[in-house]
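Undergrad: This is the structure I have questions about; it appears just below.
Coordinate-derived values only; no laboratory data. Remember, predicted model here, so these are calculated numbers, not experimental data. Cβ placement follows ideal geometry from the backbone for every residue including glycine, while neighbour counts extend to all protein chains displayed.
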Amino acid sequence: MNTELLQSLDYIEKEKNVSREILLDALRMALISACKKTFPEKENLDVEIDSETGDIRLLENGELIQNADFGRIAAQTAKQVIIQKIREAEREATYNEYSAKVHDIVNGTVHRIDRRVIMVDLGKTEGILPLREQSHKEHFRQGDPIKVFVLEVNRTARGPEIVLSRSHPNLVRKLFEIEVPEISDNIVQIKGVAREAGARTKIAVTSSDDKIDCVGSCVGMRGQRVKNVVRELQGEKIDIVRWSEETETYIRNSLTPAQLAEVNLNKEVKTANIFVQDDQLSLAIGKKGQNVRIASKLTGWKLEVRSLSQKVPLSELDGVSERIEGLLKAAGISTLKDILKSTVEDLTKIKGLGPKTAEKIFASAHRILLKEGKTLPMIPELELSPPSEEAAQIDKEDAVSEESKPENSEAVIEETPSLKEGGTKKQARAKKQSKKKTRVKKKGKEVSEDSSSADQEKSGEIEGKQPEGQSS
């Protein structure tokens, strides 16, 4: 019995995860290759290996060859063949193992980070986490444990390439299956998942047992189950909504916490026109449209959210009677926006609607649109507030004082009322001009007084000076 050979085969089988049959076949092919190099003159050579005892027999045309010793070169060739076969068998085993784990979660460790591409050590092989499959808010370091979603496994010349993901919606689904036993037992079912990685995720759940609350099961005691999922996703927000067979109810649940006032469905094009109160509009749309965008992915419907103040009934359009309104709604046109998206030709195609009526309706819709555009509120910074009553009274007094003011009257100028707080710019300019006039008039008065006194002194000197020889 060749005990050493059997022990080597057992070790390789456990270490490399390669079956014994594959190893024996690789060994047989290697020995046949070595025999052809050792005995080139012989033909129809074959090798038999006993899997239980490990005995090797060399046959020529079915007859046993005694003393079949191999040379050094032949033995080295056999070794290389065996190593190559084992390597190929190992790659095939790895491919088969992870092909069975596609769309499932595996645990690994961050091995290295190269140009923001993360290489994950999965134990027997490595997986690649490309940048496109990463969440922009997650950060990992070398050696960090990580749970990843197996996206796909590809065959390459260097072995299987395992592509991983941290942004796939099914990653959240699998994390809840791990945390919630009711999902594993098929009592609670996840009907849909919509996700924007790193920001928010919405999942729709239902229960097959009326006694078990599907939402409460996913939340857990004191929210522990959903907290574990949020912690694994590094703080990503998760909304758990109740799934319903009724489309309207499902849409209402998907847009929580916003309260919807009205939902109009167009089943032909899978579009829902949603109206909410003005104070609920921002809540329904979400930050940068995030809430309505994820809800649209979850339900599979195109959702258009407006406030009730923007709703214009079809009956307000010219030419729309009860009969015409019924025809429009039957054709999937229930709002003013639906009419504006259409053309006159599209409206004419509706059975029972003539071309003149279609033109009238279309023109009326555009008039309402232009009217709404003209009545848009002004920008607050550009609005001029009307003058106050106090400012108006001051303007009136200034006008009266200007009419009754005599020329060169300093007293009237001094009694001009000062600019009170809250006045207008016109009063400020009037006061400034009044001050300038006052300074000019005062200056002119001083100049005239100086000139008159000088003339008097001069005349006095002339009178006092008399020619010699004259006596008074």
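Undergrad: Given a Förster distance of 45 angstrom, what is the FRET efficiency for K237 paired with T343, based on the Cβ-Cβ distance and rounded to 0.05? Provide the component values of the computation, followed by the final result.
TA: Details: r = 42 Å, r/R0 = 0.94.
FRET efficiency, K237 to T343: 0.60.
Undergrad: If you average the alpha carbon positions of the stretch 159-212 and of the stretch 8-26, how far apart do those two centres end up, in angstrom?
TA: 38
Undergrad: Quote the Stokes-Einstein diffusion coefficient, in whole µm² s⁻¹, for the stretch 3-93, based on the Kirkwood radius over alpha carbon pairs, a temperature of 4 °C and a viscosity of 1.567 mPa s.
TA: Translational D for this selection: 95 µm²/s.
Undergrad: How much length is gained if the chain between L6 and V117 is pulled fully straight, taking 0.36 nm per residue apart and subtracting their Cα-Cα distance, in nm to one decimal?
TA: 35.7 nm
Undergrad: On to the next question. Once the other residues with Cβ under 12 Å from the Cβ of V344 are scored (Lys, Arg +1; Asp, Glu -1), what is the net sum?
TA: Its environment carries a net charge of 0.
Undergrad: Related question: Collect residues whose amide H, placed 1.01 Å from N in the peptide plane, falls under 5 Å from the amide H of K191; neighbours closer than 5 in sequence don't count.
TA: The list, which skips near neighbours in sequence, is A204, V205, T206.
Undergrad: With +1 on each Lys and Arg Cβ and -1 on each Asp and Glu Cβ, and nothing else charged, work out how big the dipole of the stretch 183-243 is about its Cα centre, in Debye to the nearest 20.
TA: Dipole size: approximately 220 debye.
Undergrad: Then there's this: Could you please rank H136, H103, placing first whichever residue has the fewest other Cβ atoms within 10 Å of its Cβ?
TA: Ordered by Cβ neighbours within 10 Å, fewest first: H136, H103.
Undergrad: Then there's this: Set Lys and Arg Cβ to +1 and Asp and Glu Cβ to -1, take the dipole of the stretch 244-311 about its Cα centre, and tell me which of T249, N264, A284 lies farthest positive.
TA: About the Cα centre, the residue reaching furthest to the positive side is A284.
Undergrad: As I understand it, the dipole of the stretch 17-147 uses +1 on the Cβ of Lys and Arg and -1 on the Cβ of Asp and Glu, about the Cα centre. Which of V18, V102, T77 lies farthest toward its positive end?
TA: V102
Undergrad: Give a residue-ordered list of calculated ³J(HN,Hα) values for the stretch 246-256 (Karplus: 6.51 cos²θ - 1.76 cosθ + 1.60, θ = phi - 60°; whole Hz; x for Gly, Pro).
TA: Karplus-based 3J(HN,Hα) across the stretch 246-256 equals 6, 4, 4, 5, 4, 5, 4, 5, 5, 9, 4 Hz.
Undergrad: Counting other Cβ atoms within 10 Å, keep those with at most 14, restrict to DSSP loop, and tell me which trypsin sites (Lys or Arg not before Pro) in the stretch 208-281 are left.
TA: Here the sparse-neighbourhood loop sites are K211, K267, K270.
Undergrad: Counting other Cβ atoms within 10 Å, keep those with at most 16, restrict to DSSP loop, and tell me which trypsin sites (Lys or Arg not before Pro) in the stretch 276-333 are left.
TA: K311
Undergrad: Now for a separate question. Give the order of R200, R112 when sorted by the count of other beta carbons within 10 angstrom, beginning with the fewest. Can you show the working numbers first?
TA: On the way: R200 18, R112 12.
Least crowded to most crowded, the residues run R112, R200.
Undergrad: Moving to a separate point now. State to the nearest 20 debye the size of the charge dipole of the stretch 244-311 about its Cα centre, where the only charges are +1 on K and R beta carbons and -1 on D and E beta carbons.
TA: With only Lys, Arg, Asp and Glu charged at Cβ, the dipole is about 360 debye.
Undergrad: Quick one: putting +1 on the C-beta of Lys and Arg, -1 on the C-beta of Asp and Glu, what dipole do you get for the stretch 154-302 around its Cα centre, in Debye to the nearest 20?
TA: Rounded to the nearest 20 debye, it is 760 debye.
Undergrad: Would you mind ranking M221, M119 so that the residue whose beta carbon has the fewest other beta carbons within 10 Å leads the list? It would help to have the intermediate numbers written out before the result.
TA: Numbers: M221 7, M119 16.
Ranked by crowding around the Cβ, least crowded first: M221, M119.
Undergrad: With a ≥ b ≥ c the root eigenvalues of the C-alpha gyration tensor of the stretch 161-254, is it rounded (a/c under 1.5), prolate (a/b larger than b/c) or oblate? All intermediate terms of the calculation are to be shown ahead of the outcome.
TA: Numbers: a/c = 1.63, a/b = 1.36, b/c = 1.20.
Cα axes put the stretch 161-254 in the prolate bin.
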